[in-house]
Amino acid sequence: MDAMTTRRPPVDHIVRTRDLYSSLGHDPYRWVRNDGSPPWTELRKPLRECRVGLVGSGGVYRAGQVAFHHRDDISLRVIDTSVPVSELRTSHFAYDQTDARIDPNVVFPVDTLHTLVAEGVIGELSPRAYAFMGGIYSARRVRDVLAPEISRRLAEDQVDLALLVPV
């Protein structure tokens, strides 16, 4: 069987993350705790009329852009959604990138979103997508710097909703 059809057992993400951080010589990983419920906003129009934004934490970047290179890297890559997937790369310290390097859609489903547009499921895909490298140790920097910048850009792109793809 090839890599695309091989079935793998589920991954216990919490155990694997703790083991990875320990093997890197770091203090035990402390999960962010959010005590309140996230705000909920209902769509104001049908999904088939919505502009959808794509945001992924899989360390995706376009060939020619600077790769992500260190933990706590809160930089952002802007990726034109018309770029062929063959031009996308990944750089991330906290997950096995084997499958993502074969097909970046597993962590950044731009082709799937184009298909949903063609099928009329969603109205359109925003012309810009955003990628960063998850595994950022500082929840404060994500909350105070990265998340507001992504939100600002999505608002500038006039998206109705964003698909957030965590890794």
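Worth a mention:
- Solvent-accessible area, 1.4 Å probe, carbon plus sulfur percent, for the stretch 55-108: 50
- Surface exposure of the stretch 47-165, expressed per residue as accessible area with a 1.4 Å probe, stands at 48 Å².
- Take every DSSP beta bridge whose two residues both sit in the chain; close to 45 percent of them are antiparallel.
- Share of alpha-carbon pairs per 10 Å distance bin for the stretch 86-132, given as whole %: 24, 47, 25, 4
- Residues in the stretch 124-137 carry Karplus couplings, in order, of 7, 9, 4, x, 10, 10, 10, 9, 9, 9, x, x, 7, 5 Hz; the curve used is 6.51 cos²θ - 1.76 cosθ + 1.60 with θ = phi - 60°, and Gly or Pro positions show x.
- Normalised by residue number, the volume inside the convex hull of the Cα atoms of the stretch 30-117 is 136 Å³ per residue.
- When the square roots of the Cα gyration tensor eigenvalues are ordered a ≥ b ≥ c, the ratio a/c for the stretch 100-167 is 1.5 or more and a/b does not exceed b/c, which makes its shape oblate.
- Gly58 long-range amide H proximity, modeled H, under 5 Å: Phe132, Gly134
- Rounded, prolate or oblate (a/c below 1.5 giving rounded, otherwise prolate when a/b exceeds b/c) for the stretch 47-165 by Cα gyration tensor: oblate
- Near Glu49: Cβ cut-off under 12 Å, other residues only, Lys/Arg at +1 and Asp/Glu at -1. The net charge is +2.
- Nonlocal amide H pairs with Gly53, under 5 Å, H built at 1.01 Å: Ser126, Asp160, Leu161, Ala162, Leu163
The values are calculated or read from the model by the stated rules, or taken from the named source; none is laboratory data. Quick caveat, the model's predicted, so the values are computed rather than measured. No Cβ is skipped: glycine too gets one built from the backbone with ideal geometry, and neighbour counts run over all protein chains shown. Heavy atoms of the whole protein, side chains included, go into the accessibility calculation; ligands, DNA and RNA do not. Shrake-Rupley method; radii C 1.70, N 1.55, O 1.52, S 1.80 Å.
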